[in-house]
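The values are calculated or read from the model by the stated rules, or taken from the named source; none is laboratory data. These figures come from a predicted structure and were not determined experimentally. Just so you know, the surface numbers come from the protein's heavy atoms only, side chains and all, with ligands and any DNA or RNA stripped out. Shrake-Rupley method; radii C 1.70, N 1.55, O 1.52, S 1.80 Å.
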Amino acid sequence: MPYVIAEPCIDVMDKACMDECPVDCIYEGGRKLYINPIECIDCGACEPSCPVEAITQDRGVAEGQEDFVDDNARFFEITLPGREDALGAPGGAASLGRVGADTDLVARYERSA
C-alpha cells in the first residue's frame, strides 16, 4: 500500500519528505508534491517529516481527501501540460528534476475559506 500526498501540500511543498525518501519517489509538480505508487516501497519514512500532515498510506487518507489517492497516481499516468509523454516510473525524482505541472484536480484547486 503506497503512500500518497493529499490537499494540505498544495501551495506548501515543504520538501522535507523528499530528503527522507530512501528511493527518491517523491516528485515536484507546480503546486504540490506527488509520490510515485510504482516506485514507493511503503517504508513510511516520509510521513513524519511532513509539517502539514499531508502524507498517509493510500487507505488512510483523511475524510474528504479520497480523490487525492487516484490523483496522486494520475500524475504519473497522464501526459501533463508541457510534457510530451506520461512520466510513468522514471526511476527517481532527483534525476528528473522539477516537473512544474500538476493534474487538473491540483491545478484548479481552490482552498475553501
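Under 10 Å, Cα contacts only: if you run a Gaussian network model on the chain, which one of E20, E39, E63 comes out with the highest mean-square fluctuation? It is E63. Is the C-alpha gyration tensor of region 1-103 telling us rounded, prolate or oblate? Criteria: a/c under 1.5 is rounded; beyond that, a/b larger than b/c is prolate, otherwise oblate. Rounded is the answer for region 1-103, as its axis ratio a/c remains below 1.5.
Subtracting the Cα-Cα distance of R59 and R98 from their residue separation scaled by 0.36 nm leaves 11.3 nm. Taking L96, L33, L80 as the candidate residues, the one with maximal mean-square fluctuation in a Gaussian network model of the chain, Cα springs under 10 Å, is L96.
In deg cm²/dmol, rounded to 500, what helix-only [θ] at 222 nm does the chain give when every DSSP H run of at least 4 residues adds -39500 (n - 2.57) and the total is split over its residues?
The helix-only estimate for the chain comes to -5000 deg cm²/dmol at 222 nm.
In a fully extended conformation the segment linking D14 and A89 would gain 24.7 nm over its present Cα-Cα distance, using 0.36 nm per residue. Accessible-area rank, largest first, for T56, T79, T103: T79, T56, T103, with all protein chains present and a 1.4 angstrom probe.
Using a probe of 1.4 angstrom and keeping all protein chains present, the accessible surface of the chain works out to 54 square angstrom per residue.
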